[in-house]
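Asks: Okay, here's the structure, questions in a sec.
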Amino acid sequence: MVERIASFLSDNPLTHSWRESMDRYVISPVERMTIGDDDLRAGVAKMVADRLPADGALSPKQIRAIEALKGGHFDVERANSLIAQSSSREDAMNRIASMANNVMADDYSRERASRAAMELIDGRTGLSGFGDDMRQFGLGSPVAAYSAVTAGGAMATAAGIEAYDWWMAQQQQAEKDKQLPLVKEQEPPLA
């Protein structure tokens, strides 16, 4: 029972959303800016291959990533045909990585490789071990997700209490004002 609860707490819509947001807007951009060209090439090829769906055909994300690498259209039918000839899933992934590497070998552009990596963001794996650790144990972790939600809740609660205190002070002042006499003060004579 404890394992089921722990599994749910670490893998639910909140943690998925948090992980993907941190990857898309924080971890992945920093990773793409700081990684060297050789590591970027290897990482992008690995990411393209790792995203192979269970049915063995290229996914729309993979297609967009390879098109970003190439800077235009590529023959998806031919690529899927080559993948279908694979003897195992690992062989299929190796073929996809080779396709990505071949496209980058023909005409490498850091900007296009970065765009391809951006297409493949999933919150789980990226371009480097450090980035993957940040996804799993740092900013992208369930602990960070719950901490942010808790901090946001605490801030909202504090703001609510402050707003309530202000409203109460306004109510008390209004009550005091009602009790004051409505007598006009006399003005001092002009000399």
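The values are calculated or read from the model by the stated rules, or taken from the named source; none is laboratory data. Fair warning: this is a prediction, and the values are worked out from it, not measured in the lab. Reconstructed Cβ throughout: ideal geometry from the backbone, glycine too, with neighbour counts over all protein chains shown.
Yes or no, residue by residue, for (1) crowded, with 17+ Cβ neighbours inside 10 Å; (2) modelled with pLDDT of 80 or more; (3) closer than 30 Å to residue 79 by Cα; (4) under 16 Å from the mean Cα position of the chain (by Cα):
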position	(1), (2), (3), (4)
8	no, no, no, no
18	yes, yes, no, yes
22	yes, yes, no, yes
30	no, yes, no, yes
56	no, yes, yes, no
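Asks: Then there is this: What do you reckon, is residue 156 modelled with pLDDT of 85 or more, part of a helix (DSSP H, G or I) and either loosely packed, with under 12 Cβ neighbours inside 10 Å or touching a helix residue (DSSP H, G or I) at 6+ places or on another chain (Cβ under 7 Å) (or both)?
Replies: Answer is no for this residue.
Asks: When both residues are 6+ apart or on different chains and their Cβ atoms are under 6 Å apart, which pairs have a first residue that lies in the stretch 44-56 and is at negative phi, and a second that is of a type outside the set (S, T, N, Q) and part of a loop (DSSP other than H, G, I, E, B)?
Replies: Sorted first by the residue in the stretch 44-56, then by its partner, the pairs are 47/120; 51/120.
Asks: Please work out if residue 140 is of a type in the set (Gly, Ala, Ser), crowded, with 19+ Cβ neighbours inside 10 Å, under 24 Å from residue 21 (Cβ atoms) and under 26 Å from the mean Cα position of the chain (by Cα).
Replies: Judged against the criteria, residue 140 is a match.
Asks: For residue 104, are the conditions met, namely being at pLDDT 85 or above and either under 30 Å from residue 15 (Cβ atoms) or hydroxyl-bearing (Ser, Thr, Tyr) (or both)?
Replies: no
Asks: What's the number of the only condition in (1) among the small types (Gly, Ala, Ser); (2) buried (at least 18 other Cβ atoms within 10 Å of the Cβ); (3) at pLDDT below 85; (4) part of a helix (DSSP H, G or I) that residue 126 fails to meet?
Replies: Result: residue 126 passes all but (4).
Asks: Scan the stretch 58-82 for residues that are surrounded by fewer than 22 Cβ atoms within 10 Å (Cβ to Cβ), over 16 Å from residue 93 (Cβ atoms) and touching a residue at least 24 places away in the same chain (Cβ under 8 Å) and jot them down.
Replies: Across the stretch 58-82, the qualifying residues are 64, 70, 71, 74.
Asks: Collect the residues in the stretch 83-108 that are loosely packed, with under 12 Cβ neighbours inside 10 Å and among the small types (Gly, Ala, Ser), keeping them in residue-number order.
Replies: 84, 87, 88, 105
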